[in-house]
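A short write-up of the structure that comes next.
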Amino acid sequence: MPNLTRRRFLTGTTALTLSALAGVPTLSAAPRTTALTAKPSRVAFFGKDAPSTDVWSYGSVPGPQLRVKQGERLSVSLTNELPDPTTIHWHGLRMVNAMDGVPYLTQEPIQPGETFTYDFIAKDAGTYWYHPHVNSAEQVGRGLSGALIVEEPDPIEVDRDIVWVVDDWRIKKDAGLAEFGGFHDMAHGGRMGNMATINGNYDEKFSVQSGERIRLRLINTANARVFGLQFKGLNPWRVAVDGHPVIPSQMEEGLVVIPPGGRTDLVIDFRGNPGEKFAIIDNYYQRQPFTLIEGSYTDQPPVRTEALEPPKKMADNPVAQPDLANAERHDMIFEGGAMGGLRQAELNGEILGLRELASQGLLWAVNGKMYPHMTKDDLGEPMLSMQQGKTYILTWTNNTAFDHPIHMHGHSFHVISRNGEKLETPIIMDTVLIQPQQSVEVAFVADNPGKWALHCHILEHAEAGMMGYVTVA
Ligand SMILES: [Cu+2]
């Protein structure tokens, strides 16, 4: 699929065409079909004359950008040419359980040499992504991920719509990827890289024309790094989080925080003068700020000189409104890891010491229980069994020394409070960052039947037991 960045001018005629399509998404009977092949490949991060890096990819890093209209049906056949089994999970997009891509829970892993066809309707518009769910820490870490964009029938009008898949890599001196599977990463903050890329490029160029309005879709595909971006002087509008529209608000000097798995859509009016430069700085880990990218204005005259109206709020996706008054409440307290003070936990009904659990690769607990690695013969007990159609409020508390972006499959949830403080306007998300000693309350209607993974999106944490599943029936 070609790079689908579009240039569309703000004209009355465009607006008319778009509004004619607004409203109910049309369901197309014939799916839009595409094929992906996952295979080992090489990337020249540092230029043609420097050593290249062995990665795993869907043909390119990141994988091809998949782009459909809201309501369209997408059929993707995945051929596995990796040495290991794999699957694809369509992160954040609500769909039928059988297409969710979680090994053993929703499908058999796709063995080397096999092909599996995913087929689903993109009922939610917004910015999503796809990645394997088998040995995710290694497979995503080796480069398997790509953007999945579902276009709104009536989007915010912009001059350009740009997708940035933001990632980090742990690169050795010879340009190869560092070994996977370190115990230290699993017990601490996960596999932090030493090189950040945008769309797989170490030296991505970003040039804008003065006066342009750009929609910038940020997708964090890193295993463990939280990005906290500062757009000094650019005052971006935040218009969507995890695909779902929010009331646009201007970020000014604040950080745009995107946890692993998370997405944020910004609209930026580039009001600088031709020839000027600007920088986007990551300042999440405050002792280690770095410049994610330096941008520049072209020498061309401004596209426009007048200020534009603030971007409108886009139409909500069809996410059910939770019935808070009649909700069933549950607590999930996350514990364990290094410096977490956890001494023992329950595994399959037995209380075991942390040393014994660690020898089985389990380091993280929920409500004093550890959840085993899901295998063909043993999925373990569900974390929670929910009744279809009922509203649930889950309180997620982080009693550990590390960040945890908690991701639930099959549903998008309303974040209704943080640290006991009610949010004026709930935000709909699928991956919510919970910092040490913080808590969030999420509310949702359990309206999608099936077995749904619930896990930390720091992939080394998920690998070390911070992953289970819930059921809806
Ligand atoms: Cu975690």
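Each value in this text was obtained by applying a stated rule to the coordinates, not by laboratory testing. Only a predicted model underlies this, so the values are computations on that prediction, with no experimental measurement involved. Glycine also receives a Cβ, built like all others from the backbone with ideal geometry; neighbour counts cover every protein chain displayed.
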- Query: With the dipole of the chain worked out from charges on the C-beta (+1 for Lys and Arg, -1 for Asp and Glu) around the Cα centre, which of Ile427, Ile247, Gly193 lies farthest toward the positive end?
  - Reply: Ile247
- May I ask you to list the lysines whose Cα is less than 23 Å away from that of Lys39, ignoring any residue fewer than eight positions away on the same chain? Lys48, Lys172
- Message: Along the charge dipole of the chain, pointing to its positive end and built from +1/-1 on Cβ of Lys, Arg, Asp and Glu, which listed residue (Met339, Leu454, Pro31) has its Cα farthest out?
- Response: Pro31
- Cα-based Rg of region 324-472 per 2.2 N^0.38 Å, rounded to two decimals? 1.02
- Round to the nearest 10 and give me the degree value, 0 to 90, for the angle of helix 12-21's Cα axis relative to the longest principal axis of the chain. 30
- Provide, as a two-decimal number, the C-alpha radius of gyration of region 208-328 over 2.2 N^0.38 Å, N being how many residues it has. 1.23
- To the nearest 500 deg cm²/dmol, what mean residue ellipticity at 222 nm is calculated for the chain from DSSP H runs of n ≥ 4 alone, each contributing -39,500 (n - 2.57), summed and divided by the residues? -1500 deg cm²/dmol
- Task: Starting with the fewest neighbours, write out Met467, Met99, Met195 ranked by other beta-carbon atoms found within 10 Å of each beta-carbon.
- Result: Met195, Met99, Met467
- Task: May I ask you to list the trypsin sites (Lys or Arg not before Pro) in region 118-210 that are in a DSSP loop and have at most 14 other Cβ atoms within 10 Å of their Cβ?
- Result: Lys172, Lys173, Lys205
- Task: Just flag the trypsin sites (Lys or Arg not before Pro) in region 357-449 sitting in loop per DSSP whose Cβ has no more than 12 other Cβ atoms within 10 Å.
- Result: Lys376
- On full extension of the chain, what length is gained from Asp323 through Ala178, given 0.36 nm per residue of separation minus the C-alpha to C-alpha distance? 47.4 nm
- Item | Residues in region 100-144 reached by a label modelled at Asp377 [backbone nitrogen below 17 Å; 7 Å Cα→Cβ] | 104-105
- In debye, nearest 20: dipole of the chain around its Cα centre with unit charges on the Cβ of K, R (+) and D, E (-)? 740
- Message: Taking 8 Å as the Cα distance limit and 6 or more residues as the minimum spacing, I'd like the relative contact order of region 160-297 as a percentage.
- Response: 26
- Cross-link reach from Lys123 to lysines, straight Cα distance under 27 Å and at least 8 residues apart if same chain, gives Lys69, Lys312, Lys313, Lys390, Lys451
- Segments 318-329, 179-190, 218-229, 143-154 sorted - mean Cβ within 10 Å per residue, highest first: 218-229, 143-154, 179-190, 318-329
- Query: Looking at the P(r) of the chain, how many percent of alpha-carbon pairs lie beyond 34 Å?
  - Reply: 32
- Task: For a quick protection proxy, order the peptides 51-60, 290-299 by their average other-Cβ count within 10 Å, most packed first.
- Result: 51-60, 290-299
- Task: Report the calculated FRET efficiency for Leu308 and Ile281 (r = Cβ-Cβ distance, R0 = 25 Å), to the nearest 0.05.
- Result: 0.50
- Measuring from its Cα centre, region 324-472 shows a charge dipole (+1 at each Lys and Arg Cβ, -1 at each Asp and Glu Cβ) which, in debye to the nearest 20, is 120
- Message: Given points 7 Å out from each Cα along the Cα-Cβ axis, report the Ile351 to Gln437 separation in nanometres with one decimal.
- Response: 2.7
- If each residue's Cβ is checked for other Cβ atoms within 10 Å, how do Ile280, Ile416 rank with the fewest at the top? Ile416, Ile280
- Message: About the Cα centre, and with charges only on the beta carbon of Lys, Arg (+1) and Asp, Glu (-1), how big is the dipole of region 12-151? Nearest 20 debye, please.
- Response: 400
- Round to the nearest 0.05 the FRET efficiency obtained for Thr33 and Gln111 when R0 = 30 Å and r is the Cβ-Cβ distance. 0.85
- Query: Using the count of nearby Cβ atoms within 10 Å as a rough guide to exposure, how do Ile458, Ile427 rank from fewest to most?
  - Reply: Ile427, Ile458
- Message: So for the chain, averaging the separation of alpha carbon pairs under 8 Å that are six or more residues apart and normalising by length, what relative contact order in percent results?
- Response: 14
